[in-house]
Amino acid sequence: MSADGRPSDEIRPATVHRAYGRAAGGFDGYVRAIPGYHANLRVSASRMGLSGAGLRLLDVGCGTGASTEALLTAAPGSEVVAVDASAEMLAIARRKNWPPRVTFVHSRLETLAEAGVEGPFDGILASYLVSNLPDAEIGLRRLLGLLADGAPLAVHDYAVAGPRGRSRWTSVSWGWLLPMASMRWGASELARFRYRRVRGAGGPESMVHRMERAGFADVRVQTVGGLQQYLVHTFLGRRPDEPDVVGERARARAEAAQEPPREPDATGIEPVEEGGPDDPGYADELPEDQDPGDDETTPPEGTPRV
Ligand SMILES: C[S@@+](CC[C@H](N)C(=O)[O-])C[C@H]1O[C@@H](n2cnc3c(N)ncnc32)[C@H](O)[C@@H]1O
């Protein structure tokens, strides 16, 4: 029992990495059971538009290295610093076959400087990290501070909004993710924690606003394909080229924050263009034929309990 009376292994955002650590051995098997998991990571990494030789990149919350592999595919030959708060997840990542320019560092995002990790980076990928953080906006500010001027951040993460988005999240979670987490990962409690947290965290639009308030420029969002479509998105932003000397961008962000909430389909958020003809579009534009039904908080009938 902890000092505040909570059971010491209760999952909380500040300690979620420990839950990942306890179940690290099953993580790769679990994500292999999610169709498109690795391909979608590569899509997000490629949307960063990384080009040129000798880039220095950061994969924060790298886990067992799936996102590290995606970054290297998007920018072969780059130097990649891959960081995770869980020593057990990192141990699995380290056992894989990596080029010499990849280094793994055991640290939380919050203590990177103490671990000797400093910017500037030419790009950062944060895959399934931000939705795990105690305060997403503070985390995003830390990431902004680690980027070179003009360099991109890709947040690859869950975000669900509106009755349709939440309903799809419920269907996919109870129909697939939670049973797989139980069978392949041995982490039912962590998967249910993630289910509740994503459900309550706000949709893609909220994440875009968080990134803008944190100081990112040109923030755009685009979902991925397959089972994760409309649930997982690439949120792209970049560190502004010029410092905000006269506070113009800060004022624009403050004004945007005061705007009344917009209808999901009238976001004005520009999707990135790299998606091509199969681009599934913006998360809230769930086509009618894919609407999974009512906004359920309980598992859809017939789905296994986990
Ligand atoms: C769902 S895993 C994602 C792993 C990998 N990025 C991927 O795409 O497969 C989330 C990872 O974030 C790590 N994590 C959670 N909070 C963190 C923090 N504050 N700082 C660094 N890593 C953190 C966890 O330990 C876990 O390995």
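If you check Ala91 against the conditions, is it exposed (fewer than 15 other Cβ atoms within 10 Å of the Cβ), more than 22 Å from Leu140 (Cβ to Cβ), of a type in the set (A, V, I, L, M) and touching a helix residue (DSSP H, G or I) at 6+ places or on another chain (Cβ under 9 Å)? So Ala91 fails the test. Taken together, Leu57, Leu50 contain a single residue that is in contact (Cβ under 8 Å) with a residue 60 or more places away in the chain, touching a Phe, Trp or Tyr at 6+ places or on another chain (Cβ under 8 Å) and either in a strand (DSSP E or B) or more than 13 Å from the ligand (Cβ to nearest atom) (or both), which is Leu57.
Of all the numbered requirements in (1) under 17 Å from Ala126 (Cα atoms); (2) at pLDDT below 95, Met207 misses one, and that requirement is (2). The C-beta contact set for segment 25-47 (first residue part of a helix (DSSP H, G or I), second residue basic (Lys, Arg), distance under 6 angstrom, 6+ apart or interchain) comprises Gly26/Arg184; Gly29/Arg184; Tyr30/Arg184. Counting only residues that are more than 14 Å from Leu112 (Cα to Cα), away from the ligand (no atom under 15 Å from the Cβ) and either modelled with pLDDT of 95 or more or in a loop (DSSP other than H, G, I, E, B) (or both), segment 145-163 holds 7 of them.
Per this entry, Ala70 is not counted among residues that are assigned to a loop (DSSP other than H, G, I, E, B), aliphatic (A, V, I, L, M) and touching a residue at least 24 places away in the same chain (Cβ under 8 Å). Of the listed requirements (1) within 12 Å of the ligand (Cβ to nearest atom); (2) touching a residue at least 40 places away in the same chain (Cβ under 8 Å); (3) surrounded by 14 or more Cβ atoms within 10 Å (Cβ to Cβ), Arg142 misses just one: (2). Quick check: is even one residue across segment 106-121 modelled with pLDDT of 95 or more, closer than 23 Å to Arg42 by Cβ and more than 12 Å from the ligand (Cβ to nearest atom)? Checking segment 106-121: at least one residue is modelled with pLDDT of 95 or more, closer than 23 Å to Arg42 by Cβ and more than 12 Å from the ligand (Cβ to nearest atom).
Can you confirm whether segment 74-81 contains a residue that is more than 13 Å from the ligand (Cβ to nearest atom), out of contact with any strand residue (DSSP E or B) (no Cβ under 9 Å at 6 or more places or on another chain) and farther than 19 Å from Val224 by Cα?
Yes - at least one qualifying residue is present in segment 74-81.
Applying the selection to segment 99-138, what residues are surrounded by fewer than 18 Cβ atoms within 10 Å (Cβ to Cβ) and part of a helix (DSSP H, G or I)? Hits for segment 99-138 are Glu110, Thr111, Glu137, Ile138.
In the set (1) closer than 23 Å to Tyr230 by Cα; (2) within 13 Å of the ligand (Cβ to nearest atom); (3) surrounded by 15 or more Cβ atoms within 10 Å (Cβ to Cβ), Ala39 fails one condition alone, (3). Does segment 4-20 contain any residue that is assigned to a loop (DSSP other than H, G, I, E, B), at pLDDT below 95 and within 19 Å of the chain's Cα centre (by Cα)? Within segment 4-20 (the criterion being assigned to a loop (DSSP other than H, G, I, E, B), at pLDDT below 95 and within 19 Å of the chain's Cα centre (by Cα)), the answer is yes, since at least one residue qualifies. Ala159 meets each of the listed conditions (1) surrounded by 18 or more Cβ atoms within 10 Å (Cβ to Cβ); (2) within 20 Å of the chain's Cα centre (by Cα); (3) under 15 Å from Phe27 (Cβ atoms) apart from (3). Tell me which residues, restricted to segment 23-50, are more than 20 Å from Val130 (Cα to Cα) and over 18 Å from the mean Cα position of the chain (by Cα). Selection gives Gly25, Gly26, Gly29, Ala33, Leu50. Put simply, of Arg210, Arg196, Arg166, Arg220 the only residue that is under 18 Å from Val232 (Cβ atoms) and free of Cβ contacts under 8 Å to residues at least 12 places away in the same chain is Arg196.
The values are calculated or read from the model by the stated rules, or taken from the named source; none is laboratory data. Given the structure is predicted, the values throughout are model-derived calculations rather than measurements. Because the Cβ atoms are built from the backbone with ideal geometry, glycine has one as well, and the counts that use them run over all protein chains shown.
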